[in-house]
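Colleague: The structure's right below; bear with me while I get my questions together.
The values are calculated or read from the model by the stated rules, or taken from the named source; none is laboratory data. Computed from a predicted model, the values in this text were never measured in an experiment. Positions of Cβ are generated from backbone atoms using ideal geometry, with glycine treated the same way; all protein chains shown enter the neighbour counts. These area figures cover heavy atoms from the full protein model, side chains too; ligands, DNA and RNA do not enter into them. Shrake-Rupley method; radii C 1.70, N 1.55, O 1.52, S 1.80 Å.
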Amino acid sequence: MYKIPANTLFMGKQLVYVPECHSTNDEVQRLMQQKGSAEGMVVITANQTAGRGQRGSAWITEPGKNLTLSIGLKPNFLTPNFQFYLSMVVSLGLHDCLTRLVPGAALHIKWPNDFMVNDKKVCGILIENQLVGQRIERSVVGIGLNVNQQFFAWPHATSISLETARLYELNEVLSMLLESIEARYLQLKANEYGNIKIMYEHKLYGLNVLREFTVDQQTKAGIIKGVTDEGKLKVLIEDELHYFAFKEISYAY
């Protein structure tokens with residue numbers, strides 16, 4: 001069903017399609033432990049039955065309508081304190097891909113690992129790193145991208161198709177996505193940390209906008225000012241800058 005992308009150096013050159021599985025992240029983890037596993041391997045499925053989202057939530061998608069995949073990487077050039085940069089480049093790759101697919105739309109990265117099109121969630125990312133000492137031995141990048149799904153139980157979700165009123169060939173979207181992520185990943189390999197962070201922060205959802213957040217079970221008004229190298233969200237609350245890890249703050253709809 002899916003073809004190996006023609007325009008990548010290594011991303012997706014080892015591609016495994018499974019009609020159904022519990023978790024593509026788990027499948028890539030298993031395959032990467034085998035001898036001969038290549039960086040950039042991709043496992044993709046039409047139906048993921050036990051997909052994981054950020055904060056331990058479930059990722060539910062309509063079978064055969066969207067892209068549900070995981071990418072195996074070996075970023076051993078990246079130290080653990082800079083591991084969030086992997087999330088940055090994956091998010092930027094998604095931005096590059098969606099800029100081509102949904103031209104003119106409002107595209108934003110919603111910290112830590114969601115992607116928004118016109119204020120609705122179109123994609124979720126889950127990155128799982130295995131650390132050995134002071135290096136990252138391997139990373140698994142799980143991506144759930146809503147492509148052709150037309151109906152969602154959650155009102156804040158959307159798909160590329162809903163935003164453009166057309167259907168897409170999933171293999172073409174996959175190739176475009178892998179090309180975009182590979183290009184950004186190569187920037188990370190080239191140590192372009194400063195440029196990556198500037199571009200990531202520029203595309204943050206709610207940057208420099210006063211909005212409500214939930215902190216310690218309380219609703220507070222704040223302004224997102226960026227992220228730290230470690231991935232903490234910088235939020236200005238009552239004229240004081242605060243730094244929040246993944247589970248310490250959430251957006252109040």
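Colleague: Count, please, the residues in the stretch 19-29 that happen to be farther than 20 Å from ILE125 by Cβ and modelled with pLDDT of 95 or more.
Modeller: So the count comes out to 0.
Colleague: Only residues that are among the aliphatic types (A, V, I, L, M), assigned to a loop (DSSP other than H, G, I, E, B) and surrounded by fewer than 13 Cβ atoms within 10 Å (Cβ to Cβ): list them for the stretch 230-251, please.
Modeller: Hit for the stretch 230-251 is ALA245, nothing else.
Colleague: LYS197 versus (1) touching a Phe, Trp or Tyr at 6+ places or on another chain (Cβ under 8 Å); (2) under 18 Å from GLN48 (Cα atoms): which is the lone unmet condition?
Modeller: The number of the failed condition is (2).
Colleague: Right, here's the next one. Can you find even one residue in the stretch 109-117 that is more than 20 Å from TYR251 (Cα to Cα) and open to solvent by 10 Å² or more (accessible area, probe 1.4 Å)?
Modeller: Step one: of the stretch 109-117, the residues more than 20 Å from TYR251 (Cα to Cα) are none.
No.
Colleague: Cβ-Cβ below 7 Å, separation at least six or inter-chain, first residue in the stretch 141-166 and at negative phi and of a type in the set (S, T, N, Q), second open to solvent by 60 Å² or more (accessible area, probe 1.4 Å) and part of a helix (DSSP H, G or I): which pairs?
Modeller: GLN150/LEU162
Colleague: Only one residue in ARG138, ARG166 is of a type in the set (Lys, Arg) and exposed (fewer than 14 other Cβ atoms within 10 Å of the Cβ), so which one is that?
Modeller: Sole residue among the options that is of a type in the set (Lys, Arg) and exposed (fewer than 14 other Cβ atoms within 10 Å of the Cβ): ARG166.
Colleague: Find all pairs meeting these conditions: Cβ atoms under 9 angstrom apart; at least six residues apart or on different chains; first residue within the stretch 169-195 and closer than 18 Å to GLY142 by Cα and of a type in the set (Asp, Glu); second residue in a helix (DSSP H, G or I) and open to solvent by 30 Å² or more (accessible area, probe 1.4 Å).
Modeller: Pairs found: GLU179/ASP96.
Colleague: Moving to a separate point now. Show the residue pairs meeting these rules: Cβ distance below 8 Å; 6+ apart or different chains; first residue within the stretch 13-33 and under 14 Å from GLY142 (Cα atoms) and small (Gly, Ala, Ser); second residue open to solvent by 50 Å² or more (accessible area, probe 1.4 Å) and part of a strand (DSSP E or B).
Modeller: Listed by first residue and then by second, the contacts come to SER23/ARG52.
Colleague: With the requirement that a residue be β-branched (Val, Ile, Thr) and open to solvent by less than 20 Å² (accessible area, probe 1.4 Å), what does the stretch 203-229 give you?
Modeller: VAL215, ILE224, VAL227
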